[in-house]
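Chemist: This is the structure I have questions about; it appears just below.
The values are calculated or read from the model by the stated rules, or taken from the named source; none is laboratory data. Please read all numbers here as calculations on a predicted model, not as lab measurements. We place every Cβ from the backbone using ideal geometry, glycine too, and count neighbours over all the protein chains shown. Side chains included, ligands, DNA and RNA excluded: accessible areas come from the protein's heavy atoms. Shrake-Rupley method; radii C 1.70, N 1.55, O 1.52, S 1.80 Å.
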Amino acid sequence: MKKIIIAIDGYSACGKSTTAKKVAAALNYRYIDSGAMYRAVTLYFLDQFVELTNPKAVEDALKNIEIDFRFNEKKGRSDTYLNGLNVEDEIRTMRVSQIVSQVSALPAVRRAMVAQQQRMGKQRGIVMDGRDIGTAVFPDAEVKVFMTADITIRAYRRQQELLEKGEMFDLDEIIENLKSRDYIDTHRSESPLVQAPDAYFLDTSFLTIDEQVEYVLQLATSKI
Ligand code: C5P
């Protein structure tokens, strides 16, 4: 059977990663959360006080960053590792969410992450979610989906996720964070968030995760 690349892009908190994970499991493909990579870089920059306005400091810091994913048997999920340390929980905190889009907008950061993501997809058989997967990382992906959803619904979903991890935030605060990330992601100079011309548009506001998974799987089956 032919191995393909499935690119799932879109706004924050639309259900991209939950859908991508399930699609990958159904096809026995590898799932890569590209947002986790930008979050790991952000965590490193925060912890090491890397000045975002200093290009040399950014370049030097990037040389010291190694990101990989390892399966966590206990939790049944793939965890993000930064320089050998499991940072899966830490990268999902608001501390990181508040600055990740500024870090991701830096051209040097994008170049480093895109190169690593392209290496990960060399063998194909991969589902990757993010903001620029179908446009910049894998413009030749066989299946491209662009997801959006109503902002309040997205914020509510994110609020529930944060609550499950013990972080409590007002809906308004989460809406502000999502809007500000969307704005930076769509307005940056390098590979901004935009729907690829050949991507299928999916509004997930009133869809269940199973319906989203089914939609992507049907697209994939037609290409395999
Ligand atoms: O997907 P997630 O919301 O975890 O991504 C966190 C942030 O990483 C996004 O808001 C965006 O700024 C950045 N990102 C990106 N390009 C990607 C994936 C994520 O710029 N391919």
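Chemist: Do we find a residue being within 25 Å of residue 166 (Cα to Cα) and either aromatic (Phe, Trp, Tyr) or in a helix (DSSP H, G or I) (or both) anywhere in the range 48-68?
Modeler: Within the range 48-68 (the criterion being within 25 Å of residue 166 (Cα to Cα) and either aromatic (Phe, Trp, Tyr) or in a helix (DSSP H, G or I) (or both)), the answer is no, since none of the residues qualifies.
Chemist: For the subset of the range 72-99 comprising residues that are of a type in the set (Lys, Arg) and surrounded by 12 or more Cβ atoms within 10 Å (Cβ to Cβ), which member is nearest to the chain's Cα centre (by Cα)?
Modeler: Out of the qualifying residues, it is 92.
Chemist: Let me ask you something else. Report yes if some residue within the range 100-115 is modelled with pLDDT of 95 or more, closer than 30 Å to residue 55 by Cα, within 15 Å of the chain's Cα centre (by Cα) and among the basic types (Lys, Arg); otherwise report no.
Modeler: Yes, because at least one residue in the range 100-115 is modelled with pLDDT of 95 or more, closer than 30 Å to residue 55 by Cα, within 15 Å of the chain's Cα centre (by Cα) and among the basic types (Lys, Arg).
Chemist: Return the total of residues in the range 165-196 being of a type in the set (A, V, I, L, M) and farther than 15 Å from residue 100 by Cβ.
Modeler: 5
Chemist: Mind checking which residues of the range 13-45 are closer than 15 Å to residue 77 by Cβ, polar (S, T, N, Q) and within 10 Å of the chain's Cα centre (by Cα)?
Modeler: 17
Chemist: Does residue 69 meet the test of being open to solvent by 20 Å² or more (accessible area, probe 1.4 Å), free of Cβ contacts under 8 Å to residues at least 40 places away in the same chain, within 16 Å of the ligand (Cβ to nearest atom) and not acidic (Asp, Glu)?
Modeler: yes
For (1) under 21 Å from residue 204 (Cα atoms); (2) within 11 Å of the ligand (Cβ to nearest atom); (3) open to solvent by less than 40 Å² (accessible area, probe 1.4 Å), each residue gets a yes or a no:
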site	(1), (2), (3)
101	no, yes, yes
105	no, yes, yes
108	no, no, yes
120	no, no, yes
127	yes, no, yes
134	yes, yes, yes
141	no, no, yes
146	yes, no, yes
